[in-house]
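Chemist: Mind having a look at this structure? Questions to follow.
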């Protein structure tokens, strides 16, 4: 059967076996692409910034690995023009109907396509600087604004992310559609949610200040006052800390734990994605005290694994969790309440199981990729119909 639509994606990372795993934008796009190509939609994926150039042909999908321009001057411009030239040639040859790119760094600034460009608000530098209350470099805003201006329409993973981005870039007269990221739920099954390691607290994500990890030492201290056997496991890559200028956020965090608390903290670093689920299954509770997200995939993944979650309560989070029903929402800086919510779960196994069960049901209703893939297809078709 001839594909009914040909969609292309521009990404900097993609968790295909040819590139290795990567979280965030790459994972959400990969999950969508896998469902699109099984829904009789032809897909092309352009992965820029790679060391080698090659093409991978799969059923209903073609993946292009693109290397950077090797010039000495104005590479920010010439690299984009190199990508634009290759993609435009492929658009004609492969009859691509519509193309999507992320907002981060404004990769499509200086590019023009003869087909509609959709930008998905995965989280721009402007967005995160706004949430972090940091000053953004003018050049970064300029790139992102140019890319925004060239888009036909936008997709946001939460209404919050869409509204903030709309205001930051003064978007008028263009549609911003809210479509959540989706999970392939058959890959997130926990057949024994009642089995876990008592008093084990899990954080998964990059160790970076905007994720709220520097709040965890004080929260953990308050938890251990009532649960001295509590353990904290941290999973994720380390990152520099902008505030202290330290090359390692983990080194900053270690100075914030007491010596006694630090004995019960285990930082595993960045581990294979396939292993993270095993640690989720072991957890008594998962914690994500982040200050800046557009949605927060690891929160959804934990909920799908029937885990009780104590999450940030900022903006986007209120679209993920119904507080006290399928998780807890607390501001990361409210250490007392954050610790109290964790202790509520540690003290009551039945509550942990009840919340976990409700969380799974919530994810099935709102974040099932089998449902969300149809929303994406319908949105693309609507944009193409407007063109006609």
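The values are calculated or read from the model by the stated rules, or taken from the named source; none is laboratory data. If you're wondering where the values come from, they're calculated on a predicted model, not measured in any experiment. Reconstructed Cβ throughout: ideal geometry from the backbone, glycine too, with neighbour counts over all protein chains shown.
Chemist: Could you list all residues from segment 256-296 that are touching a strand residue (DSSP E or B) at 6+ places or on another chain (Cβ under 8 Å) and within 16 Å of residue 212 (Cα to Cα)?
Modeler: Those that are touching a strand residue (DSSP E or B) at 6+ places or on another chain (Cβ under 8 Å) and within 16 Å of residue 212 (Cα to Cα): 257, 267, 286, 287, 288, 289, 290, 291, 293, 294, 296.
Chemist: Among 84, 93, 100, 114, which is more than 16 Å from the chain's Cα centre (by Cα) and assigned to a strand (DSSP E or B)? Before the answer, list the steps.
Modeler: Numbers: 84 fails: assigned to a strand (DSSP E or B); 93 fails: assigned to a strand (DSSP E or B); 114 fails: assigned to a strand (DSSP E or B).
Answer to the selection: 100.
Chemist: Among what's in segment 321-355 and is touching a residue at least 40 places away in the same chain (Cβ under 8 Å) and under 22 Å from residue 178 (Cα atoms), pick the residue that is surrounded by the fewest Cβ atoms within 10 Å (Cβ to Cβ).
Modeler: Among them, the one singled out is 322.
Chemist: At least 1 residues that are closer than 30 Å to residue 284 by Cβ in each: list the strands (runs of 3 or more DSSP E) lying fully within segment 145-217 that qualify. Working first, answer last.
Modeler: Numbers: elements: 153-156, 176-178, 200-204.
Qualifying strands (runs of 3 or more DSSP E): 200-204.
Chemist: Report yes if residue 340 is in the same structural domain as residue 320 (by TED's automatic domain parsing), part of a helix (DSSP H, G or I) and out of contact with any helix residue (DSSP H, G or I) (no Cβ under 7 Å at 6 or more places or on another chain), otherwise no.
Modeler: Numbers: in the same structural domain as residue 320 (by TED's automatic domain parsing): yes; part of a helix (DSSP H, G or I): yes; out of contact with any helix residue (DSSP H, G or I) (no Cβ under 7 Å at 6 or more places or on another chain): yes.
Against the criterion (in the same structural domain as residue 320 (by TED's automatic domain parsing), part of a helix (DSSP H, G or I) and out of contact with any helix residue (DSSP H, G or I) (no Cβ under 7 Å at 6 or more places or on another chain)), residue 340 qualifies.
Chemist: Report whether or not residue 329 is assigned to a loop (DSSP other than H, G, I, E, B) and not assigned by TED's automatic domain parsing to the domain that holds residue 131.
Modeler: Numbers: assigned to a loop (DSSP other than H, G, I, E, B): no; not assigned by TED's automatic domain parsing to the domain that holds residue 131: yes.
Considered against the rule, which asks whether it is assigned to a loop (DSSP other than H, G, I, E, B) and not assigned by TED's automatic domain parsing to the domain that holds residue 131, residue 329 comes out as no.
Chemist: Now for a different question. Considering only segment 239-311, give the helices (runs of 4 or more DSSP H) lying wholly within it that have at least 1 residues that are at pLDDT below 95 and assigned by TED's automatic domain parsing to the domain that holds residue 340.
Modeler: Values: elements: 249-256, 259-262, 273-282, 297-304.
Fully inside segment 239-311 and qualifying: 273-282, 297-304.
Chemist: In segment 12-46, which residues are modelled with pLDDT under 95, outside any helix (DSSP H, G or I) and within 20 Å of residue 96 (Cβ to Cβ)?
Modeler: 12, 14, 16, 38, 39, 40
Chemist: Still on this structure, please answer the following. Among the residues of segment 189-205, which ones are buried (at least 19 other Cβ atoms within 10 Å of the Cβ) and on the phi < 0 side of the Ramachandran plot? Break it down stepwise before answering.
Modeler: Residues of segment 189-205 that are buried (at least 19 other Cβ atoms within 10 Å of the Cβ), as a first pass: 196, 199-205.
Of everything in segment 189-205, those that are buried (at least 19 other Cβ atoms within 10 Å of the Cβ) and on the phi < 0 side of the Ramachandran plot turn out to be 196, 200, 201, 202, 203, 204.
Chemist: Criterion first (within 18 Å of the chain's Cα centre (by Cα), in the same structural domain as residue 378 (by TED's automatic domain parsing) and closer than 18 Å to residue 378 by Cβ) does residue 32 satisfy it?
Modeler: Values: within 18 Å of the chain's Cα centre (by Cα): yes; in the same structural domain as residue 378 (by TED's automatic domain parsing): yes; closer than 18 Å to residue 378 by Cβ: yes.
Yes, satisfied.
Chemist: So, residue 47, is that one more than 22 Å from residue 124 (Cα to Cα) and within 23 Å of the chain's Cα centre (by Cα) or not?
Modeler: Values: more than 22 Å from residue 124 (Cα to Cα): no; within 23 Å of the chain's Cα centre (by Cα): yes.
No.
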